[in-house]
Amino acid sequence: MTEFISWLFAAVQSIEPITRDLIAFGAIFAETSLFLGLIVPGDSVVLVTASSVHNIIDFMGLMLFVIAGSLAGESVGFWIGRVFGKRIRASWLGQKIGEQNWELGDSFVHKRGGVAVAISRFVPVLHSLVPVIAGMTKMRYRSFISWTLAACALWSGVYVSLGWTAGNAWQTLAKDAQWGGIIFAALLIVAIVAGHLVKTRIEKAAEKFAKGGSEKI
């Protein structure tokens, strides 16, 4: 196991920084574009690429690319919603999303406005639907992108930091050839389970948040 993890980290670190940054940009752009966030694990790609960060300058460079990819992807979703409107929801692909998810997104955006745009970046499914739904409403793009920028900056900082921390942790644990890989794998499993539980709680909290209050866009 230690050998495999060492190979994986070595493979990631062998990639040129600019190539790595572009890969992260493309992955997060695809994740935040229309519906692709339901199938593209952009957050996983960011975590892996961030494990090869060497210093604070490298960190800031990757983070800027991730923010740019996220902003570009969510902007595409917004303008598709603005141009095509409810035809997206009525399409075959839109129906595959599920009416329950659309209704939750509708309630979230119409009652919470820009706050919904920011929070949705951290909620599974909604982070793909909310930009499209926001584009269908009277929300101005300037307002949308302002809320999105704040959320994307926070999200990017958290994920790039986690990936960088994981990379540094591995460099330390790899010195123990016998137990390093096992310990790292155990920590990784704990982190994945914890992340899943956190996402589940956030999703439930977002649903309650969407159903309460009467804030308008």
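Values in this text are rule-based calculations from the coordinates and carry no lab data. Keep in mind it's a predicted model, so treat the numbers as computed, not measured. All Cβ positions, glycine included, derive from the backbone under ideal geometry; neighbour counts span all protein chains shown.
Stretching the chain fully between S44 and L154 yields a gain of 38.0 nm (0.36 nm per residue, less the alpha carbon separation).
Which part of region 43-84 falls in the paramagnetic zone of A169, meaning amide N under 12 Å from the point 7 Å along Cα-to-beta-carbon? Once the point is set 7 Å along Cα→Cβ of A169, nothing inside region 43-84 turns out to lie under 12 Å by backbone N.
Label positions at A72 and I15, each projected 7 Å from the Cα along the C-beta direction, are separated by 1.5 nm.
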